[in-house]
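K.L.:
Pasting a structure here, questions to come.
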Amino acid sequence: MKRIRLGWVLGLLAALFLILFPLYILFKYSIADRASIVTGGRYPEPLWPFHPTFEMYRYLVSRGDFWAAGVTSVRIALYTVALSLTLGAPAAYALARYRFAGYGVLIFTLLSLRLFPDIATVIPVVERFYKPPLSALPVEVQVALAHTLLSLPYVIFMSIGVFQGIPRDLEEQAAILGCSRLYTFTRILLPVAAPGLAAGAIYTFLLSWNEFIFAYYLTFTNPEGATLPVYLLRVMAWTPQKNLLAALAVVISVPVILFSFLVQKYMQAGLTAGAVK
Amino acid sequence: MGRRQRLYMWLMLFPAFFYLVTAFGLILFEMVTISLLYGPPGAEVYPSLGNYAEMLASPEFWAALRRTTVFVVIGTPLQLLVGLGLALLVHREFRLRGMVRAIFMLPIAIPSVVTAVIISLLFSVPYGHVNDLLMGRLGWFPRLVSAPVNWYASEPLALGLALLGKTWRDMPISMLILLAGLGSISEEQYEAARTMGATSWQQFKYITVPQLVPAMASVLVLRSIEAWKEFIFPYILAPSFPVLGTLIDHAYHVAKRPSYAAALALVLVVLIAVTTGVLNRILRFLETHLVKA
C-alpha cells in the first residue's frame with residue numbers, strides 16, 4: 001500500500017510538471033529580454049529572464065493590427081454564440097421533451113458530422129463563400145456561419161441536459177394560465193435555463209476564439225479579417241522573435257484559461273458528448 | 001402528443017437541423033463536383049476523374065498517406081495511455097483534487113496554435129531549452145549530442161513534435177471519458193476483491209480493465225478520427241513532411257488547385273468513414289469476447 005501511494009504521488013507530480021512547465025516556459029519567454037533569447041550559443045537560455053520586461057506586451061498594445069485582430073475575434077465569437085444559441089436552444093428543448101422515432105437518427109446525425117475533417121470541409125465552404133451571393137456577406141459573418149457548423153452539435157448536446165433538468169410542471173402551469181407555447185418558451189423556460197445555456201455559450205465562445213482552419217481560409221485574401229490565432233501565425237511567419245510570439249500567445253490564452261475555469265463542469269459534457277453512455 | 005404539439009416540436013427542431021443538414025449536404029455535394037473538375041485554368045473538363053488518377057500516380061500522396069497512417073497508428077494508443085494515466089491519478093479522493101483536475105484540463109483550453117508555438121519555442125534550433133539540455137550545457141545533464149539537433153529537418157523528429165503537441169493538448173478529452181468509465185465501476189467489487197485478498201495489481205487487471213473496455217473503445221475510436229483529421233500541428237511543426245491534412249492545404253494555397261484539394265479532401269473523408277467503421281467492428285468483436293473471458 002505504501003509503495004502504491006509513493007508511486008501515485010510521483011506520478012501526480014510528473015503529470016503536473018508536464019502540464020505546467022510548458023505554460024511556465026511560454027510565460028517566461030513573453031517577459032524575456034534580448035540577452036535571454038539571443039544567446040549565440042555562449043550560454044544556455046536561462047529559466048528566468050536576466051532582466052524581465054513587459055516590453056513585448058507594450059509593443060503589442062501599440063500595434064493597430066493586433067487590436068483589429070482582437071476585435072475581429074471577439075465579434076466572430078459573439079456572432080457564433082448568438083447564432084448557435086438561437087438555433088440550438090429550441091432544438092435541444094424539443095429533443096429533451098419529446099422522444100420520438102427519429103430521436104436516435106438525429107443524435108447519430110449530430111455526431112457523425114464530426115467525422116468530417118475541418119481541413120476537408122473548408123475547401124467547398126471557401127469556394128462557396130468566394131462566389132456570389134455569399135461573397136457579399138461580411139467576412140466576420142462568413143467565419144461565424146462556419147464556426148456555427150462546428151459548435152451547433154455541441155450546443156444542442158449540452159442544452160438537452162439543461163432542459164431535461166427543468167420540471168415539466170412549469171410548462172403545464174403556464175398552459176393552464178393561458179400562456180401560448182412561444183410565450184412559455186421565451187419568457188418562462190429560457191430564463192430558467194439561462195445559467196445552463198450560458199455554459200454552452202461560453203463553450204461556443206472558446207471554440208470560436210480558438211478555431212484556426214476556417215478563420216485562416218476565409219480571411220486568407222483579406223488580412224483585415226484575421227482573428228487572433230491567424231494573426232499569431234502571420235507574426236510567426238514574419239518574425240522568429242521568441243518573446244514577441246510568446247507575449248502574443250499569452251494574450252490569446254489568458255481569456256480562454258479564465259473562462260474555462262468557469263465552465264469546467266459543463267465543458268466536460270461537451271467534450272465527452274456521445275462518448276459516455 | 002397532439003398534432004399541434006407535434007408540429008410545434010418539429011418547428012423548434014427544424015432551424016438547427018436544416019442548417020446542419022443543408023450545410024453538410026452542400027459541402028459533400030460541392031466536394032464531389034469540384035473534385036471532378038480537371039485541367040488547366042479556363043479549359044477544365046467536367047466530369048473527369050483526372051484529379052484522382054493524378055493523385056494515385058503521385059508519390060507525394062502516398063508519402064502523405066503513409067505519414068498520416070503512422071500518425072494514427074502511433075498517436076491513438078499513445079493518447080489512450082496518457083489519458084488512462086491521468087484518469088487513474090485523479091480518480092481517488094484527496095485534498096486539492098478539484099484543483100488538480102482543473103489543472104489537468106488546462107491544455108484543452110489553450111488554442112492549438114498556441115500549443116504549437118510553445119513546442120516550437122522549447123524545441124527551437126539551434127539554441128533552445130531542449131537543445132541546451134541535450135548538448136549538456138546545463139551541467140547536471142549528460143551531453144548526449146555534440147551539435148544542436150535540427151528537429152524540423154528530420155521526418156520522424158518533426159512528426160514526433162507534431163504528435164507531442166497533439167497528445168499534450170488533447171489529453172484532457174481522453175482523461176474525461178476514462179474518468180466517466182472509472183466512475184461507473186462499483187466500489188463494492190473492489191471491496192469484495194480485497195476481502196478475498198486480491199492485490200492492487202490484480203484488482204486493476206481483473207476489475208478495472210475489463211469494465212473500462214467500453215470507455216477505452218470510445219477513446220480509441222474518437223482519438224483515431226481526430227488523428228486522421230489532424231492539420232494544425234503538422235502544418236506548423238512538420239511543414240516539410242506533409243500529412244494528408246497539410247497536403248490539402250498545399251494543393252489549395254500553394255499549388256492553387258482547388259479541384260485537386262477537393263479530391264484529396266474527399267479521399268480523406270472516405271478514409272475516415274471506412275477506418276472508423278472497421279475499427280468499430282473490431283472493437284465490438286473484442287468487447288464481446290473480453291466480456292466472456
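Here, each number is a calculation from the coordinates, and none is a lab measurement. Treat the numbers as computed from the prediction; the structure is a model and nothing was measured. Glycine also receives a Cβ, built like all others from the backbone with ideal geometry; neighbour counts cover every protein chain displayed.
K.L.:
Figure the gain on full extension for A:PHE27 and A:VAL254 (residue separation times 0.36 nm, minus the Cα-Cα span) and round it to one decimal in nm. Walk me through the numbers on the way to the answer.
P.N.:
Values: separation 227, 0.36 × 227 = 81.72 nm, distance 1.06 nm.
Going from the current span to full extension adds 80.7 nm.
K.L.:
How big is the equivalent ellipsoid of segment A:116-207 along its three axes, where each semi-axis is √(5λ) from the Cα gyration tensor, reported in whole Å from largest to smallest?
P.N.:
Numbers: eigenvalues 258, 51, 22 Å².
One finds semi-axes of 36, 16, 10 Å for segment A:116-207.
K.L.:
Work out how much length A:HIS51 to A:THR221 would gain on full extension: take 0.36 nm times their residue separation and subtract the Cα-Cα distance, in nm to one decimal. Spell out each step's value before the answer.
P.N.:
On the way: separation 170, 0.36 × 170 = 61.20 nm, distance 3.99 nm.
Stretched fully, the A:HIS51-A:THR221 segment lengthens by 57.2 nm.
K.L.:
Using Stokes-Einstein with the Kirkwood hydrodynamic radius over Cα pairs, what translational diffusion coefficient do you get for chain B at 25 °C and a viscosity of 0.890 mPa s, in µm²/s rounded to a whole number?
P.N.:
107
K.L.:
Dimensions of the protein assembly as shown along principal axes (Cα, Å, largest first)?
P.N.:
Sorted from largest, the Cα extents of the protein assembly as shown read 81, 79, 50 Å.
K.L.:
Sticking with this one: Let me have the 222 nm mean residue ellipticity of chain B computed from DSSP H runs of 4+ only, each contributing -39500 (n - 2.57), with the sum over all residues rounded to the nearest 500.
P.N.:
Working: 13 runs with 213 residues, N = 293.
Mean residue ellipticity, 222 nm, calculated: -24000 deg cm²/dmol.
K.L.:
To continue, here is another question. If you take every residue apart from A:LEU60 with its C-beta less than 15 Å away from the C-beta of A:LEU60, what net charge results, scoring Lys and Arg +1 and Asp and Glu -1? Working shown, then result.
P.N.:
Values: positive: A:ARG58, A:ARG63, A:ARG234, A:LYS242; negative: A:GLU55, A:ASP65.
Around A:LEU60, the charge tally is +2.
K.L.:
Tell me, in nm to one decimal, what length is gained between B:GLN5 and B:LEU144 on full extension, where the rule is 0.36 nm per residue of separation less the Cα-Cα distance? Mind showing how you got there, number by number?
P.N.:
On the way: separation 139, 0.36 × 139 = 50.04 nm, distance 7.24 nm.
Result for the pair: 42.8 nm of gain on full extension.
K.L.:
While we're on this one: Hey, if you put +1 on the Cβ of every Lys and Arg and -1 on every Asp and Glu Cβ in segment B:82-192, which of B:LEU86, B:MET175, B:HIS129 ends up farthest toward the positive end of that dipole?
P.N.:
Towards the positive end, the residue furthest out is B:HIS129.
K.L.:
With N residues in segment B:59-115, what two-decimal value do you get for its Cα radius of gyration over 2.2 N^0.38 Å?
P.N.:
Expressed relative to 2.2 N^0.38 Å, the Cα Rg reads 1.63.
K.L.:
Go from 0 up to the bin containing the longest alpha carbon distance in segment B:102-187, width 5 Å each, and give me the % of pairs per bin.
P.N.:
In order of increasing distance, the bins hold 3, 13, 17, 17, 14, 13, 10, 6, 4, 2, 1 percent.
K.L.:
If you don't mind, there's one more thing I want to ask. How big is segment B:153-273 along each principal axis, measuring the range of its Cα positions in Å and listing the largest first?
P.N.:
68, 31, 17
K.L.:
Kindly give Rg over Rh for chain A, based on alpha-carbon atoms, with the Kirkwood expression for the hydrodynamic radius.
P.N.:
1.06
K.L.:
For the pair B:GLU188 and B:GLU44, what calculated FRET efficiency results from E = 1/(1 + (r/R0)^6), where r is the Cβ-Cβ distance and R0 = 60 Å, to the nearest 0.05?
P.N.:
Details: r = 68 Å, r/R0 = 1.13.
According to the calculation, E is roughly 0.30.
K.L.:
Taking a ≥ b ≥ c as the square roots of the eigenvalues of the Cα gyration tensor of segment A:1-53, is the shape rounded (a/c under 1.5), prolate (a/b larger than b/c) or oblate?
P.N.:
Details: a/c = 4.75, a/b = 2.93, b/c = 1.62.
It is prolate, given that a/c is not under 1.5 and a/b is the larger ratio.
K.L.:
Right, another one. Can you pull the one-decimal nm distance between simple spin-label points at A:LEU13 and A:PHE261, each 7 Å off the Cα toward Cβ?
P.N.:
Spacing of the two 7 Å Cα→Cβ label points: 2.5 nm.
K.L.:
Could you grab the Rg to Rh ratio for segment A:137-277? Cα atoms only, Kirkwood for Rh. Mind showing how you got there, number by number?
P.N.:
Working: Rg = 19.7 Å, Rh = 17.7 Å.
Here the Rg-to-Rh quotient is 1.11.
K.L.:
Further question on the same structure: When the label point is put 7 Å from the Cα of A:THR109 along its Cα-to-beta-carbon vector, which residues of segment B:1-38 have a backbone N closer than 11 Å?
P.N.:
Backbone N within reach: B:13-25.
K.L.:
If you don't mind, another one. For segment A:79-140, what is the convex hull volume of the alpha-carbon atoms per residue, in Å³?
P.N.:
Numbers: hull volume 7.4 nm³, N = 62.
Cα convex hull per residue, to the nearest whole number: 119 Å³.
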